[in-house]
Amino acid sequence: MSTPHPQETMRAWRVTTLGEPADALTLSTLETPTPGPGEVLIRVGAVAANFPDVLLARGEYQVKPELPFTPGVECSGSVAALGDGVTNVSVGDRVVAYSIGVLAEYAVVPADAVQPIPDTLDDVHAAGLTIAYQTAWFALHRRAHLGTGEWLLVHAAAGGVGAAAVQLGAAAGARVIGVVGTEAKAAVAREAGAEHVILRGDDVAAEVKRITGGHGADVVFDPVGGDAFVASTRSIAFEGRIVVIGFASGTIPELAMNRPLIKNYAVLGLYWGLYQEKAPHLVREAHTELVRLFEADAISPVVDHTVAFDDAPAALTALATANTVGRVVIEVAS
């Protein structure tokens with residue numbers, strides 16, 4: 001497979017002032033970077049919009065790069081050049097990558113953050129395979145040890161990470177209950193593999209108990225926090241596991257610790273980026289399994305819509321409204 005020689009200059013979106021994406025982002029022409037030792041230069045094919053991009057633009061993410069900086073944390077593309085010592089990929093390989101700074105025509109990323117993908121996976125769908133599916137995989141399998149036949153409750157089940165959790169739960173043989181905000185999103189959750197769907201305005205705990213015949217949810221996948229977490233504590237089964245992914249509601253809940261004690265349940269945290277930092281070999285293993293599941297038609301990234309590279313701020317704005325399902329993807333290379 002041939003790859004075009006890197007251009008001398010490239011276009012990149014940069015956050016030049018903190019604020020909402022439409023105000024914070026500026027399209028700039030920059031010198032194409034050169035990979036250093038242990039780094040890979042990627043010709044970016046597509047970038048999946050992620051909520052951390054919105055937080056980066058606002059200056060609210062846990063990592064706060066110095067202005068100006070390029071956002072984008074997840075992409076697909078092909079390897080354009082290698083730094084010294086890189087042996088896990090070759091020039092021309094199609095890959096996915098995770099690193100801040102990929103919302104550009106070319107991006108330099110650490111070699112450990114690059115994984116190969118098959119030609120059967122196009123750039124648009126591949127762009128969303130890393131963060132959402134890795135997060136769901138580690139939450140369900142590494143942290144909660146989800147078992148066949150167990151009841152899995154997924155909040156925000158039509159969102160990017162929620163739909164991934166529904167698909168992976170169904171692929172693992174779990175019985176999946178999704179919580180969504182609208183009837184339209186309910187259809188997305190069912191298509192992803194949810195056996196039952198609850199609308200967010202309903203009494204979630206009562207519905208879970210009804211659906212499970214009083215058993216409750218063995219595992220809860222919660223990227224929402226706030227009232228969703230409270231509902232999770234009321235829905236959890238004996239020896240259940242609640243995995244906290246994030247706080248999309250904007251509210252970080254508090255928990256009286258006598259509750260997990262008297263009900264015998266566990267609350268587990270999951271920050272996937274820490275695995276990338278401390279145990280990249282586990283990330284590689286998870287990626288191999290995710291590709292296998294994709295090739296077996298057990299999972300497939302849900303894409304709400306795509307936008308052109310020139311319209312990248314619109315993708316982040318759409319994501320910030322929470323009115324999308326699955327992923328919004330920015331197509332960088334034609």
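If the condition is being closer than 29 Å to ASN88 by Cβ and either of a type in the set (Ser, Thr, Tyr) or part of a loop (DSSP other than H, G, I, E, B) (or both), then the stretch 26-60 contributes THR32, PRO33, THR34, PRO35, GLY36, PRO37, GLY38, ALA49, ASN50. Is at least one residue of the stretch 281-288 under 20 Å from the mean Cα position of the chain (by Cα) and closer than 30 Å to LEU25 by Cβ? Yes, some residue in the stretch 281-288 is under 20 Å from the mean Cα position of the chain (by Cα) and closer than 30 Å to LEU25 by Cβ.
One residue alone among ALA127, ALA136 is more than 25 Å from THR29 (Cα to Cα), touching a strand residue (DSSP E or B) at 6+ places or on another chain (Cβ under 9 Å), of a type in the set (Gly, Ala, Ser) and touching a residue at least 12 places away in the same chain (Cβ under 8 Å), and that residue is ALA136. When we screen VAL73, VAL102, VAL108, VAL79 for residues that are out of contact with any helix residue (DSSP H, G or I) (no Cβ under 9 Å at 6 or more places or on another chain), under 17 Å from ALA132 (Cβ atoms), crowded, with 21+ Cβ neighbours inside 10 Å and in contact (Cβ under 8 Å) with a residue 40 or more places away in the chain, the only hit is VAL102. Out of VAL179, VAL89, VAL154, one residue alone is within 26 Å of VAL332 (Cα to Cα) and not small (Gly, Ala, Ser). It is VAL89. Only strands (runs of 3 or more DSSP E) whose full extent lies in the stretch 235-334 are considered here, and the ones with at least 1 residues that are touching a Phe, Trp or Tyr at 6+ places or on another chain (Cβ under 6 Å) and of a type outside the set (A, V, I, L, M, F, W, C) are 236-244. Screening GLN115 against (1) outside any strand (DSSP E or B); (2) surrounded by 22 or more Cβ atoms within 10 Å (Cβ to Cβ) leaves a single unmet condition, (1). So is LEU261 within 24 Å of GLN134 (Cβ to Cβ), of a type in the set (A, V, I, L, M), open to solvent by 60 Å² or more (accessible area, probe 1.4 Å) and free of Cβ contacts under 8 Å to residues at least 60 places away in the same chain or not? No, not satisfied.
The values are calculated or read from the model by the stated rules, or taken from the named source; none is laboratory data. Everything quoted here is computed from the prediction, not taken from an experiment. In this analysis, Cβ positions are derived from the backbone assuming ideal geometry, glycine residues included, and neighbour counts consider all displayed protein chains. Ligands, DNA and RNA are excluded from the accessible area calculation, which covers all protein heavy atoms including side chains. Shrake-Rupley method; radii C 1.70, N 1.55, O 1.52, S 1.80 Å.
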